[in-house]
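J.: Could you have a look at this structure, given as structure tokens, before my questions?
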Amino acid sequence: MISVEHLTKCYGDFMAVDDLSFEIEEGQVYGFLGPNGAGKSTTMNIMTGCLSATKGHVRIDGYDIFEQPGEAKKRIGYLPEQPPLYLNETPLEYLRFVGEAKGLRGAELERQVAEVVEQTKIQEVKHRSIAALSKGYRQRVGIAQALLGSPKVIILDEPTVGLDPLQIIEIRDLIKQLGQTHTVILSSHILSEVQTICEKILIIAKGKLIAFDTPDNLEKQLLSPSEIVLTAEATPEETEEILGVLEHIAEIQVEAQETGYVRARVKTDGTDIYALSRALFFAFAGREKALLEVNLKKANLEDIFIELTEKTEEPSAAPAEPVEIEWVESEDEAE
Ligand code: ADP
Ligand code: MG
């Protein structure tokens, strides 16, 4: 549906997008995930024909966005990071205006406006001034305008930024619904958001594509090395003895608990976690020590994201502006 090849964008000497290549298939929901400044908006602006590229190609349904912008743009609905809403208009006036700009007229214009009003559930506010609407409703109006012209692909840049928790849930539900009838690409710097909405995740950091997979596969990538946390009816010394003879352990931490039991964290060297779990079970049983609790700790997407983005850090680079701090704060804010 969309093919991006060697896309590069420089602002002076600064490379905001660095040789991005990927394919977007029809009918799925994709998430561009990356910290602020990663190049998500720049990429989306280029893909939607709003910004030129320094190098590379973007094809929408076979049409080159630079050479056949008319045909290419017809197939995309875009909600930019800062949607150009006209505050003194009503949603209805604004949508008619956008619809006309997209070439819709007469009965077809009215039909489509009514349809997107219904789809985005803005019936009750459609005659109010946009200035008087909550941020959540404004965002719906923004999504409604993207839907006009029946584009196959909907591109949404940080659609939940600045919304309160309830509005975030509503907008996420709306995006999931759109995903049933459209190819959707959204950007976000919030991990849990792309994890819950998207079928495929593209992790972008410093203008580079550093991972492209399903949320599940991204999690599996980090399944090893994993960790087992166990509680046993044994002394720390006995536990160390039992664990000491087992293979495939990279690291052990043993801690006496106030309850008289022992807690141990065991890191595997990357072996199948169940094989190690089984070995632990029999080792404790063989010494007639009871294993009271065994927890297999899988890495989550948060870990993967941190690992992948850290790998792209250049050691000589000045500590990246408040990128990491901002990431964590926004994540909290959204939960
Ligand atoms: P994101 O959307 O992932 O937060 P952007 O695509 O907005 O990232 O920005 C990527 C990088 O490009 C940032 O470092 C940003 O400062 C820089 N940048 C964006 N637009 C411009 C511009 N018009 N001129 C110079 N630098 C820019
Ligand atoms: Mg952005």
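The numbers here are math on the coordinates, done by the rules we state, and not lab data. Keep in mind the model is a prediction, meaning the values are calculated, not measured. Methodologically, a virtual Cβ is constructed for each residue, glycine included, from the backbone with ideal geometry; neighbour enumeration extends over all protein chains shown.
J.: Please give the direction-averaged projected area of the C-alpha convex hull for the stretch 142-245, in square nanometres with one decimal.
T.: 11.3
J.: How high is the relative contact order of the stretch 177-252? Use alpha-carbon pairs under 8 Å, at least six apart in sequence, and give a whole percent.
T.: In percent, rounded to a whole number, it is 14.
J.: In whole angstrom, how far apart do the alpha carbon centroids of the stretch 1-53 and the stretch 106-128 sit?
T.: For the stretch 1-53 versus the stretch 106-128, the Cα centre distance is 31 Å.
J.: If I build a Gaussian network model for the chain, linking alpha-carbon pairs within less than 10 angstrom, which residue out of Gly270, Gly31, Gly49 has the largest mean-square fluctuation?
T.: Gly270
J.: When DSSP beta bridges are limited to those with both residues in the chain, what percentage is antiparallel, rounded to the nearest 5?
T.: On the way: 38 of 56 bridges.
DSSP beta bridges in the chain are roughly 70 percent antiparallel.
J.: Can you give the relative contact order of the stretch 225-297 as a percent, counting alpha carbon pairs under 8 Å and 6+ residues apart?
T.: It comes to 47 percent, rounded to a whole number.
J.: Treat every Asp and Glu Cβ in the stretch 56-174 as -1 and every Lys and Arg Cβ as +1, leave all other atoms uncharged, and give the resulting dipole magnitude about the Cα centre to the nearest 20 debye.
T.: On the way: 16 positive and 18 negative charges, 28 e Å.
Charge dipole, the stretch 56-174, about its Cα centre: 140 debye, nearest 20.
J.: If you put +1 on each Lys and Arg Cβ and -1 on each Asp and Glu Cβ, how big is the dipole of the chain around its Cα centre, in Debye rounded to 20? Mind dumping the intermediate values first?
T.: Details: 33 positive and 58 negative charges, 345 e Å.
Roughly 1660 debye, rounded to the nearest 20.
J.: Shifting gears a bit: What percent do you get for the relative contact order of the chain when only Cα pairs under 8 Å and 6+ apart count?
T.: 19
J.: Going down the table (Lys74/Lys135; Lys55/Lys102; Lys220/Lys267), which pairs top 22 Å between alpha carbons?
T.: Details: Lys74/Lys135 27 Å; Lys55/Lys102 28 Å; Lys220/Lys267 16 Å.
Cα-Cα > 22 Å for Lys74/Lys135; Lys55/Lys102; rest within.
J.: Could you tell me the convex hull volume per residue, in Å³, taken over the Cα atoms of the stretch 1-124?
T.: Residue-normalised Cα hull volume stands at 144 Å³.
J.: Taking the simple approach of a point 7 Å from Cα along Cα-to-Cβ for both Asp61 and Gln180, what is their distance in nm?
T.: In this crude spin-label approximation the distance works out to 2.2 nm.
J.: Could you check which residue among Tyr78, Tyr137, Tyr86 shows the biggest mean-square fluctuation in a GNM of the chain with a 10 Å Cα cutoff?
T.: Comparing Tyr78, Tyr137, Tyr86 in a Gaussian network model of the chain, the most mobile one is Tyr86.
J.: Taking 37 °C and 0.692 mPa s as the conditions, I'd like the Stokes-Einstein D for the chain in µm²/s, using the Kirkwood hydrodynamic radius from alpha carbon pairs. If you can, show how the numbers build up before the last one.
T.: Details: Rh = 22.8 Å.
D, rounded to a whole number, is 144 µm²/s.
J.: In the Gaussian network model of the chain, springs joining C-alpha atoms below 10 Å, which of Lys206, Lys267, Lys74 carries the largest mean-square fluctuation?
T.: Between Lys206, Lys267, Lys74, it is Lys267 that shows the largest mean-square fluctuation.
J.: I would also like to ask the following. Along the positive direction of the dipole of the chain (beta-carbon charges: Lys, Arg +1; Asp, Glu -1; about the Cα centre), which of Thr181, Leu276, Cys198 reaches farthest?
T.: Among Thr181, Leu276, Cys198, the one farthest towards the positive end of the dipole of the chain is Thr181.
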